[in-house]
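Just so it is clear, none of the values below were taken in a lab; they were calculated from the coordinates. No experiment lies behind these values; they were computed from the predicted model shown. Cβ: placed from backbone, ideal geometry, glycine included. Neighbour counts: every protein chain shown.
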Amino acid sequence: MTPADKAFEIAEEMRETFNLLSPFIEKHTSIVCPDCDKVCCAERHGCYDGDDIFFFKALGIDVSQEVINTGGNGPCRFISEKGCVLERWKRPFRCTHFFCDALLKSLENDNAKLYRAFVEYFRHLIRLRQKLTGGTDINHV
Ligand code: SF4
Ligand code: SF4
C-alpha cells in the first residue's frame, strides 16, 4: 500500500466517522442553537487550516485558495437559515471540535449510553486525524 493509499484509507474512515457523529450533534444543535444570541458561525471560523487541507488532499479533493482564508468577523459564508450548508465532513474541523457550554450540557444530558458512544466516536475521529496529519490535537471530550 502506498502512503497515498494509506492516507486515503484513513481519510475515508474519518469521513465515515464524521457521518456517524453528525446526527447526535445535529440533534443537540437543533435544540440549543435557535435560541443562541451569540452564534459561533463567524467568517473566520469557516476557514480551513493546514490539517483540513491535508485531509481533503488525501481524499483527492482540491480546496481552492478562496475557501482557505477569509479572515473577517462577519457571518460565515456557509451559514443559512437552516444552519450550515456543508456536510459535516466538509466543514473545517474546528466546527465539529467546538462545543459551547450550552451545547456540551445538552449532549451530556442525553441518554448516558448514547453520550458514551458519541465520546468514543469523537475520540476515534481525533485519533484518526492525528494519525493522518501527525498533529497534536488534544482530547476535547
Ligand atoms: S453551538 Fe453554541 S455558540 Fe454556536 S450557535 Fe449553537 S448555541 Fe450558539
Ligand atoms: S459550521 Fe458551517 S456555517 Fe458554521 S462556521 Fe463552520 S463552516 Fe461556517
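Out of ALA58, ALA11, ALA117, any idea which swings most in a Gaussian network model of the chain, alpha carbons joined below 10 Å?
ALA117
Counting each DSSP H run of 4 or more residues in the chain as -39500 (n - 2.57), what helix-only mean residue ellipticity at 222 nm follows after dividing by all residues, to the nearest 500 deg cm²/dmol? Please report the intermediate quantities before stating the final value.
Details: 6 runs with 78 residues, N = 141.
That calculation yields -17500 deg cm²/dmol at 222 nm.
So if I restrict to the alpha-carbon atoms in the chain, what is the Rg, and what is Dmax, the biggest pairwise distance, in Å?
15.4, 49
Any of LYS27/LYS57; LYS27/LYS131; LYS6/LYS105; LYS6/LYS38 with alpha carbons more than 32 Å apart? Name them for me.
LYS6/LYS105; LYS6/LYS38, as the Cα separations exceed 32 Å there.
I need the peptides 75-82, 125-132, 34-41 ranked by packing, meaning the mean over residues of other C-beta atoms within 10 angstrom, with the highest value on top.
Result, highest mean first: 125-132, 75-82, 34-41.
Could you let me know the centre-to-centre spacing of region 13-64 and region 73-134, using Cα atoms, in angstrom?
Measuring centre to centre over Cα atoms gives 6 Å.
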